[in-house]
Amino acid sequence: MKKAAAWIRRCFSLFFAVVACIGGAVSGEASIKTGNMEIARTLEFSYADGVSFCQGLATDGKTFYGIGAVKFLNYNAITKIDIETGEIIERREMCLPKQLMQKGYSHLGDGCIYQGKLYIALEDFGFRHPGVIVYDPVTLEAVDFHTLPEEGRGNGRIPWCVIKDDVLYYSQSNNVDEIRMLNLRDDSYLGALKIDETLFKVQGGEIYNDTLYIVTNSGFRDKTMHAVNLKTGHVEPVFVRCTGRLDAEGEGIAVCPLEDGSLFHIIDVGAKVKITSFRPAK
């Protein structure tokens, strides 16, 4: 199992080395295009390391929990990263339980830390029975699983999830005009919050101070983060970041204030995997 995981990371590292050569001619520096934000810092990783956390991000304030997946290879991983230094502390690859893989589950998405557990969005290969898997952040062992009820599945895609007051919020990835809600106490569907703007290529979400922040992969170099009012459904753009590369993909988000003033921490994947931290401009 470890050898297979290492082989996958090496293969993808070679693939993205080629991508880097192709995309290098049209790449530039990352920057803020619109919005009152600035880049505080960027942690860069080779794709050989970054494939194990190229989809989602969660944090407990001390550690980043990077979440990786390569759907068609059934590769899934969770990686602990020191939030200050960027050092990879621990990596657990092929982390899906065998019984879930046998049911067709194949792709981890973005997630969050809630009450000492790591919750991650999980899709099956045919997008029929999306769910949320729960891990112990200390051992990185799976400890629970929630299947979304039929009325809350939509098109079967669930790229992200976040929790507040025992309510799990999530959406599908494209044509997003509502945020769905699940009661974690009994796995009952609570309905959906209609939002006043349709979002596309949604990759991650996180709640901070009663506001839901959503990141998307729409656009080429430019990626937008939106703020959603959880009471009214009103959507506003917070800022647009230029990744500097046409081939970059915007992925998951974690929200946590750090000493350098940064608050939003977002994964971008191109020739390298980057965790970029953003703070309000001075």
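Taken together, the values in this text are just the output of simple stated rules run on the coordinates, not laboratory data. Fair warning: this is a prediction, and the values are worked out from it, not measured in the lab. Methodologically, a virtual Cβ is constructed for each residue, glycine included, from the backbone with ideal geometry; neighbour enumeration extends over all protein chains shown.
Within the group Lys282, Lys274, which residue is in a strand (DSSP E or B), of a type in the set (Lys, Arg) and in contact (Cβ under 8 Å) with a residue 12 or more places away in the chain?
Lys274
Take segment 188-211 and flag every residue that is under 17 Å from Glu151 (Cβ atoms), in contact with a Leu (Cβ under 8 Å, 6 or more places away or on another chain) and not hydrophobic (A, V, I, L, M, F, W, C).
Within segment 188-211, Ser188, Tyr189 qualify.
Of all residues in segment 229-254, count the ones that are touching a residue at least 60 places away in the same chain (Cβ under 8 Å) and part of a strand (DSSP E or B).
The qualifying residues number 10.
Which condition breaks for Leu182 when tested against (1) over 22 Å from Leu108 (Cα atoms); (2) surrounded by 21 or more Cβ atoms within 10 Å (Cβ to Cβ)?
Result: Leu182 passes all but (1).
If you go through segment 208-218 one residue at a time, do you hit one that is among the acidic types (Asp, Glu) and over 20 Å from Gly66 (Cβ atoms)?
Scanning segment 208-218 turns up at least one residue that is among the acidic types (Asp, Glu) and over 20 Å from Gly66 (Cβ atoms).
Search segment 201-220 for residues that are more than 18 Å from Asn174 (Cα to Cα) and pair each with any residue that is surrounded by fewer than 17 Cβ atoms within 10 Å (Cβ to Cβ) and polar (S, T, N, Q) when their beta-carbon atoms are under 8 Å apart and the residues are at least 6 apart or on different chains.
Note: pairs meeting the criteria are Thr211/Asn229.
Name the one entry in Gly66, Gly50 that is part of a strand (DSSP E or B) and surrounded by 24 or more Cβ atoms within 10 Å (Cβ to Cβ).
On inspection, the qualifying residue turns out to be Gly66.
In segment 69-84, which residue that is surrounded by fewer than 19 Cβ atoms within 10 Å (Cβ to Cβ) and within 18 Å of Ile253 (Cα to Cα) is farthest from the chain's Cα centre (by Cα)?
This residue is Glu84.
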